[in-house]
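Input: a single structure, listed below in structure tokens.
Please treat every number below as a calculation from the coordinates, not as lab data. A quick note: this is a predicted structure, and the numbers were derived from the prediction, not measured. Counting neighbours? That spans all protein chains shown, and the Cβs are built from the backbone with ideal geometry, glycine included.
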Amino acid sequence: MTGNDKGLQPEQMFPIMSSKPATAKTVPPSDVVSRFVEHVSKTGDPNSFPGLVQTRPSLGAEFDWLTGEIIVPVQRSASGLLIVCPWCSPTTPKFKRGRLCWFGQERVMRFVGWRCAKTHLDAASMREADKRWAGEQKKIRCNNFLRANCNSVQELLRVAESLEPAVLACERFYISFSRDTSGVHSDLAR
């Protein structure tokens, strides 16, 4: 049973978004995505996650990737079967590797098979979604790096200041050497 099968409206599934206009750029909060990944890992059944729909998206619908490729541990599911794909096999289990997608105009998430996405989406849509996904992942990595290292900035500045005399001595030596030995480098090159 999906979130929509339970009669939930999008604002009930994603209350934080209820006041936002529906656009392809509006995505569910990251905790929804992390809960989905945890749910799949524990149950082996992505389709039982609240809010996930199994309807076929409209042709040319804009979407965003919410996850990288997920390999579903289907052996943990009650049925032990592969997963159905909303694009190409909504009633027949077909895959165990897929990605979570967000369709902003509809305000729904779908878990699609990795081959199905490549087959049923046009190349330009895939490139755009991949580009946005890569950009988001880069932002996340940068933010994580900054959070992990912001406390060491003061120490790095102290180390840099302690190196200043050595750097200045090297610079003075280079200037003096260049001035006093002009032409030596061309003689050595012969």
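Go through Cys88, Tyr174, Leu100 and say which Cα lies farthest out towards the positive end of the charge dipole of region 77-190; charges sit on Cβ, +1 for Lys and Arg, -1 for Asp and Glu.
The listed residue farthest towards the positive side: Cys88.
Where Rh denotes the Kirkwood radius from the mean inverse Cα pair distance, what is Rg over Rh for region 113-156?
Numbers: Rg = 17.1 Å, Rh = 12.8 Å.
With Rg and the Kirkwood Rh in hand, the quotient comes to 1.33.
Using the count of nearby Cβ atoms within 10 Å as a rough guide to exposure, how do Glu106, Glu136 rank from fewest to most?
Details: Glu106 18, Glu136 14.
In order of increasing Cβ crowding within 10 Å: Glu136, Glu106.
What ranking of Cys85, Cys150 emerges when the number of other C-beta atoms within 10 Å of each C-beta is taken as an exposure proxy, fewest first?
On the way: Cys85 25, Cys150 9.
Neighbour counts put them in this order, fewest first: Cys150, Cys85.
Scaled to the compact-protein estimate 2.2 N^0.38 Å, what is the alpha-carbon radius of gyration of region 63-166, rounded to two decimal places? Numbers along the way, then the final one.
Values: Rg = 21.3 Å, N = 104, 2.2 N^0.38 = 12.8 Å.
It is 1.66.
In units of 2.2 N^0.38 Å, what is the alpha-carbon radius of gyration of region 51-124? Intermediate values should be presented prior to the final figure.
Numbers: Rg = 11.9 Å, N = 74, 2.2 N^0.38 = 11.3 Å.
It is 1.05.
Among Arg97, Arg110, rank each residue by its count of other Cβ atoms within 10 Å, from fewest to most, as a rough exposure measure. Intermediate values should be presented prior to the final figure.
Values: Arg97 13, Arg110 27.
So the residues, fewest neighbours to most, are Arg97, Arg110.
Once the piece of chain linking Asn143 and Thr43 is laid out straight, how much longer is it, given 0.36 nm per residue of separation minus the C-alpha distance between them? Don't jump to the answer; show the numbers that get you there.
Working: separation 100, 0.36 × 100 = 36.00 nm, distance 3.06 nm.
Here the answer is 32.9 nm.
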